[in-house]
Structure formats: C-alpha cells, structure tokens
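J.: Structure in structure tokens, see below.
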Amino acid sequence: MKHLTGLSGIPASRINEILDRAVFHKDLFLDAESAIPPALQGKRIVLAFFENSTRTRFSFEIAARNLGAVTLNFNASSSSVTKGESIVDTIKNLEAMQVDAFVIRHPSSGSAEQISRITDKHVVNAGDGTHEHPTQALLDIFTLRDYFGSLQDAKIMILGDILHSRVARSNIFGLTTLGAQIGICSPVSLLPADTDSLGVRVFTSIDDAIRWADAAIVLRLQLERTTGGYLPSLEDYSLNFGLTDERLEKIRKHMLVLHPGPVNREIEISSNVADRIQPPGYSKSVMLEQVTNGVAVRAAVLEMLFAETTKAAKLSTNK
Ligand code: CP
C-alpha cells in the first residue's frame, strides 16, 4: 500500500493493523518520557493544503515530526497557484525538490487519486471535495473501537449533511467493513443519490435515529456548500436535526457523541452536548479525544506507507 486515498476497498485486516499501531503511538505520544522511534528520519513530507484546515494539518505535522520527518507546509493562497499554476505542475515541481510524500487536501473530489497517478511519492488524502477523508474516518473508528471494543454490530448514526460529507463516506466504508451497522439521518435534500448502494439504514426522523443508535457522528453543516436551496433555513435545520440535550433527555438515551470539527455550535449540535464529557447525562462527547487520537492514527498511517516502500526496496535489492 503506497498511498492512502480512501477507505473504499481497504480490507478489515489493514484497517485493524493501522488502528493497532495507533494504540502504540497514542501511548507514546501521551507519555512525555517516551521516545518515539524515528521511523521517518530525514524524510520530507509536503503538507499540500489547497483548502483550510486546523486539525488535519496540525496533527499530520505533529505525527510526521514525532517520527523524525521534515514537514514542508504548502499554502495554496501564498503559492504560484494564485498565478494559475495547475495542481499537477505544482506537485511535479515539489517532487523535483526530492520530497518523499504529499499529504493533500483539495476542494476537488478525486484529486488525491489523480495525484497518486502522476507521482511515485506517497500520497495521503487529507480530504478531497465531497469524496473521502480516510484519516478522519480512521480516527473516528479508533475512538469508537476504544469505547465499544469490537465494532461488530455496533449501531452508529451519522447525522447531518451526508450529501456533501467526505467524512460520512469514509466512515461508511470503514465502519461497515468492520461489521458496524450504519444509520444515516439527514433532511431528504442532503441525502446522496447513491444511498441504496451504501448499505446503510436511512432515518429522516432524528428521534428514531437516536432510539436506534449506540453512538452519533454529528457532521458539520457545510455552510460554504449548502447554498442553493437545500434547506429552508438554518433555524429549521437546527430545530429538526440538531443534537440537543432536550432531544436526548426526551428519549433518555445515553450515547457517545463524535464530531469531526469544526463545529457550528447551536446549529448541528448544542454546546451542552458538544462539551459534556462527564456523566451523569444522556451523552458523552469525545470530540477532543478524537483530535488527540488523530495524531496517533496519522503517525500509524505515515509509518505504514513508508515501511512498505522500505520493505519493497529491500526485497528488490536482495533479488
Ligand atoms: N476534521 C477536519 O478535517 O478538520 P480540519 O478541517 O480542521 O482539518
């Protein structure tokens, strides 16, 4: 596995291998006394972000540096992209400076896959349009596995703007591969056309979805993508699909609450629900645990991709 561009088609054995290794990295990361093995010493990793990010960019940077790599931050708005340079030319020019990997975020769906076809360096998809965000899903799955042990038959609802969500797609692929049941809950206008092929239950009532689920992954309402008459109003969305204490208390449901961030407080989730980490209550938010887990999961992904190249190189030298 040279690249990670999505979780579609990735087998359970591979996902579990990454998650198991992430447990090792989390323990080291949280223990200030432990030295992390510098598996990527001297490697140059370009963080090529053509779209804004806080969690993904910083966690890749911390993970890569902890492993001994040098990180190079590419910011589209201060690059020659503003003069019309294409993404392919940009990547080719960075490649000519002998970098070893690209972590790519881009607003176009399929861009990470496209880059992986034109470079012999490693490519990791850090979110491409509405297509996939595989490391976000891996850290969500890591967090869920930490709580439930096994994900076999765990009931996970994904709530919100499914149509525009790369996080939803990657989670559906990864979680179903591990045996979880997925329920998606969304206004009909924000459901994807390929719902039937995704192997998920569809809820249009949030109360029904909450009754059914063990955990909720609440999605950000993508305000930058939802113009065009998808919703009557934000107030209407919040009233009918916002995860609030009132709703959880009505159903008396204790559930685990995840959110990939950034959060639109009081739109898709109330602050009470987003911030509650202690029982008693009817929910527990693990949103900041997700962020910590992101560093460990991304370290495991980078290490795995580079390890496989080293293994392949050794094999070809020994021939
Ligand atoms: N979850 C996520 O992708 O957050 P950022 O956009 O801050 O990276």
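J.: Just the residues that are open to solvent by less than 30 Å² (accessible area, probe 1.4 Å) and in contact with a Leu (Cβ under 6 Å, 6 or more places away or on another chain), please, taken from the stretch 44-59.
T.: The answer is Val46, and nothing else.
J.: Another question about this same structure. Which of (1) within 16 Å of the ligand (Cβ to nearest atom); (2) open to solvent by less than 20 Å² (accessible area, probe 1.4 Å); (3) assigned to a helix (DSSP H, G or I) is the odd one out, the single condition Arg169 does not satisfy?
T.: The number of the failed condition is (2).
J.: Out of the residues in the stretch 73-88 meeting the condition of being in contact with a strand residue (DSSP E or B) (Cβ under 8 Å, 6 or more places away or on another chain) and surrounded by fewer than 16 Cβ atoms within 10 Å (Cβ to Cβ), tell me which one is farthest from Asp120 (Cα to Cα).
T.: The first filter runs over the stretch 73-88 and keeps only residues in contact with a strand residue (DSSP E or B) (Cβ under 8 Å, 6 or more places away or on another chain), leaving 73-76, 87.
The next check asks that each one be surrounded by fewer than 16 Cβ atoms within 10 Å (Cβ to Cβ); those that pass are 73, 75.
Values: Asn73: 20, Asn75: 22 Å.
Out of the qualifying residues, it is Asn75.
J.: Between a first residue in the stretch 259-272 that is in contact (Cβ under 8 Å) with a residue 40 or more places away in the chain and of a type in the set (A, V, I, L, M, F, W, C) and a second residue that is assigned to a loop (DSSP other than H, G, I, E, B) and open to solvent by 40 Å² or more (accessible area, probe 1.4 Å), which pairs have beta carbons less than 9 Å apart while being 6 or more apart in sequence or on different chains?
T.: Once the first residue is in contact (Cβ under 8 Å) with a residue 40 or more places away in the chain and of a type in the set (A, V, I, L, M, F, W, C) and sits in the stretch 259-272, its partners that are assigned to a loop (DSSP other than H, G, I, E, B) and open to solvent by 40 Å² or more (accessible area, probe 1.4 Å) give Val263/Arg220; Ile267/Arg220; Ile267/Leu223; Ile269/Val263.
J.: Okay, next question. Report yes if Val124 is open to solvent by less than 10 Å² (accessible area, probe 1.4 Å) and within 16 Å of the ligand (Cβ to nearest atom), otherwise no.
T.: Taking the combined requirement at face value, the residue satisfies it.
J.: Within the stretch 189-207, identify whether any single residue is open to solvent by less than 10 Å² (accessible area, probe 1.4 Å), part of a helix (DSSP H, G or I) and more than 16 Å from the ligand (Cβ to nearest atom), and answer yes or no. Steps first, please.
T.: Filtering the stretch 189-207 down to residues open to solvent by less than 10 Å² (accessible area, probe 1.4 Å) leaves 190, 206.
Subsequent filtering for residues that are part of a helix (DSSP H, G or I) retains 190, 206.
Filter once more, keeping what is more than 16 Å from the ligand (Cβ to nearest atom): 190, 206.
The answer is yes, given that some residue of the stretch 189-207 is open to solvent by less than 10 Å² (accessible area, probe 1.4 Å), part of a helix (DSSP H, G or I) and more than 16 Å from the ligand (Cβ to nearest atom).
J.: With the requirement that a residue be among the hydrophobic types (A, V, I, L, M, F, W, C) and either within 17 Å of the chain's Cα centre (by Cα) or in a helix (DSSP H, G or I) (or both), what does the stretch 134-153 give you?
T.: Filtering the stretch 134-153 for residues among the hydrophobic types (A, V, I, L, M, F, W, C) gives 137-139, 141-142, 144, 148, 151.
Correct list: Ala137, Leu138, Leu139, Ile141, Phe142, Leu144, Phe148.
J.: What pairs can you find where one residue is in the stretch 39-53 and within 18 Å of Asp120 (Cβ to Cβ), the other is surrounded by fewer than 21 Cβ atoms within 10 Å (Cβ to Cβ) and of a type in the set (Phe, Trp, Tyr), and their Cβ atoms are less than 9 Å apart, with a gap of 6+ or different chains?
T.: What qualifies is Leu40/Phe306; Lys43/Phe306; Val46/Phe74; Ala48/Phe74.
J.: Return the residue satisfying two criteria in turn: it lies in the stretch 235-288 and is within 16 Å of the ligand (Cβ to nearest atom) and in a helix (DSSP H, G or I), and of such residues it is surrounded by the fewest Cβ atoms within 10 Å (Cβ to Cβ).
T.: Out of the qualifying residues, it is Leu288.
The values are calculated or read from the model by the stated rules, or taken from the named source; none is laboratory data. Bear in mind the structure is a predicted one, so any value in this text is a computation, not a measurement. In this analysis, Cβ positions are derived from the backbone assuming ideal geometry, glycine residues included, and neighbour counts consider all displayed protein chains. Just the protein is used for accessible areas: all its heavy atoms, side chains included, with ligands, DNA and RNA removed. Shrake-Rupley method; radii C 1.70, N 1.55, O 1.52, S 1.80 Å.
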